[in-house]
1. Provide 2, 15 ordered by accessible surface of protein heavy atoms (probe 1.4 Å), highest first.
2. Order the following by accessible area, largest value first: 19, 89. Probe radius 1.4 Å; ligands, DNA and RNA are ignored.
3. For residue 70 and residue 26 in one chain, what is 0.36 nm times their gap in residues minus the Cα-Cα distance, to one decimal in nm?
4. Along its three principal axes, how long is the stretch 2-42 when you only count alpha carbons? Whole Å, largest extent first please.
5. Rounded to the nearest 10 Å², what accessible area does residue 63 have for a 1.4 Å probe in the complete protein model?
6. So how do 29-38, 69-78 stack up, highest first, on mean other-Cβ count within 10 Å?
Amino acid sequence: MVAVREYERADGTKVRSHTRWHPGARNEMFKAAVFVVAVIAIGGGTGGNGETGTASTDGSGKSPKPVSTAVYPVHFPGWDKPAPRPSPTVSYPIRWDRGE
């Protein structure tokens, strides 16, 4: 930032000392702020209540173990009645060599 000292304009107006941004600095700061907000929103956010998602329902601090919902042995539709296999439509052998 540029520090501007107190001065008096040609028309007699007094200007107090102040600071101002360099040319293009506002644009760069805006881009940096948008980047930081995006990083926080995408990857670094918490669960909204300050916890990081490791709390359990019983208050012991340990995560519950996963429970399997699969039923074994696995059967697919039509397991007992398989579809018929295709069979040849002609009963005689087809000769592919023309003999010419």
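1. Numbers: 2 45, 15 20 Å².
Final ranking, largest accessible area leading: 2, 15.
2. Of 19, 89, the descending order of accessible area is 89, 19.
3. Difference between extended and current length: 10.1 nm.
4. Taking max minus min along each principal axis of the Cα atoms, the stretch 2-42 gives 53, 14, 13 Å.
5. 80
6. Peptide ranking by packing, descending: 29-38, 69-78.
The values are calculated or read from the model by the stated rules, or taken from the named source; none is laboratory data. Only a predicted model underlies this, so the values are computations on that prediction, with no experimental measurement involved. Neighbour counts run over all protein chains shown; Cβ positions are idealised from the backbone, glycine included. What goes into the accessible areas is simple: the full protein's heavy atoms, side chains included, and nothing from ligands, DNA or RNA. Shrake-Rupley method; radii C 1.70, N 1.55, O 1.52, S 1.80 Å.
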